[in-house]
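The values are calculated or read from the model by the stated rules, or taken from the named source; none is laboratory data. Keep in mind that what you see is a predicted model, and the values were worked out from it rather than measured. As a convention, Cβ positions derive from the backbone with ideal geometry for all residues, glycine included, and neighbour counts pool all protein chains shown. Ligands, DNA and RNA are stripped out before the accessible areas are found, and what is left, the full protein with its side chains, is counted by its heavy atoms. Shrake-Rupley method; radii C 1.70, N 1.55, O 1.52, S 1.80 Å.
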Amino acid sequence: MHTGNQQTRSESWQMQLANCVTRPEALLEILGLAPTLLPAALDASKTFAMRIPRSFIARMEYGNPNDPLLRQVLPVGQELTDVAGFGLDPLGEKDKNPTEGIIHKYRGRLLLITSGACAVNCRFCFRRHFPYQDNQLSGQHLQRALDYIKSDSSIREVILSGGDPLAASDRRLQQLTSDLAGISHVKTLRIHSRLPVVLPDRVSDDMLHWLRSTRLKTVVVLHCNHANEIDDSVKAAINRLKMAGATLLNQAVLLKGINDSVDAQVTLSEKLFDAGVLPYYLHVLDKVQGAAHFDISEESAQILIRGMMEECAGYLVPKLVRDIPGKASKTIIPVS
Ligand code: SF4
């Protein structure tokens, strides 16, 4: 596959993060795409900036405006259309924000917003309007968050979320992991991240060190939506995480025109399993303003899962779920 993208694999992950492509004109040039896409991309990126690691662009097909990886990250004009039922806070998270940096929706576990930054800005992101600036986890805020976790002995699992928690430095993550391991009722550390997929060099020796040395059970939930996202460098990163003792799961979002066919989903599941990752959740789209053009109906999603059940083993069929504000857990959409 020719992409015209010069990826320097010897760069550190921090350098690669700093060198993400953020200008739509640069992206179109790298991929040899028509300049007619530019005005809409510039407009839409004013509301939600464009940001893509070069290693992710290298997996896109040169000259193809419909590439399934490109469509997840290229700003388009449809994002600027207001659609009824699509809002700024689709999961009602602002009401579940007891102290800065914590989202406590479900019993026994909570989210720690570890970093507001991401390596990639996914156009369908349900937190594209989240007030990260009010949720910086540093100094007093971090201490308050840790005190909150200490004070509630029902919390067994802490989920590092974001943004992307792995956008934070290993030094910070090592300290945070050690702080959490010091709270005896916390048993499991779960990390939700897209970084091992979009920028696999993030799975560095330093990261493996803190992951390996904690007493906490570790679960890494990857976020991979299409089989083309998994290349040899991603497989190697997954392997390193497994060797460090992490349980590997994947969650995906069902996206119109990107992965909404039985074939796309079966290929994704098979490729994940081959790499050592179990498909866990397939989310129907959260109704966030700017992402309505990715939405498909619940009925179509159910038909798709039924199709998957006919094509592959049960453990390769992810649970179809929806987040409904106020519910005690994710809502599993029944498929008979
Ligand atoms: S939080 Fe996840 S889905 Fe949202 S932009 Fe960041 S990586 Fe993408």
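The set of residues from region 39-56 being β-branched (Val, Ile, Thr) and open to solvent by less than 10 Å² (accessible area, probe 1.4 Å) comprises just one member, Ile52. Scanning region 166-210 for residues being within 16 Å of the ligand (Cβ to nearest atom), open to solvent by 10 Å² or more (accessible area, probe 1.4 Å) and within 12 Å of Ser115 (Cα to Cα) gives a total of 2.
Note on region 121-130: among residues that are at pLDDT 85 or above and either surrounded by fewer than 23 Cβ atoms within 10 Å (Cβ to Cβ) or charged (D, E, K, R) (or both), the one that is farthest from the ligand (Cβ to nearest atom) is Arg123. Looking only at residues in region 138-155 that are under 25 Å from the mean Cα position of the chain (by Cα) and assigned to a loop (DSSP other than H, G, I, E, B), which one is farthest from Glu100 (Cα to Cα)? By that ranking, first place goes to Ile155. Can you say whether Leu222 is open to solvent by less than 10 Å² (accessible area, probe 1.4 Å) and closer than 17 Å to Gly116 by Cα, as far as the supplied structure shows? Taking the combined requirement at face value, the residue does not satisfy it. For region 175-199, enumerate the residues that are without any contact (Cβ under 8 Å) to a residue 24 or more places away in the chain and either among the acidic types (Asp, Glu) or part of a loop (DSSP other than H, G, I, E, B) (or both). Passing the criteria: Gly182, Ser184. State whether the residues of region 313-325 include one that is touching a residue at least 60 places away in the same chain (Cβ under 8 Å), surrounded by fewer than 15 Cβ atoms within 10 Å (Cβ to Cβ) and either closer than 29 Å to Ala246 by Cα or not charged (D, E, K, R) (or both). Yes, region 313-325 has at least one match.
Scanning region 231-280 for residues that are outside any helix (DSSP H, G or I), more than 16 Å from the ligand (Cβ to nearest atom), under 18 Å from the mean Cα position of the chain (by Cα) and of a type in the set (A, V, I, L, M) gives Ala246, Leu248, Val277, Leu278.
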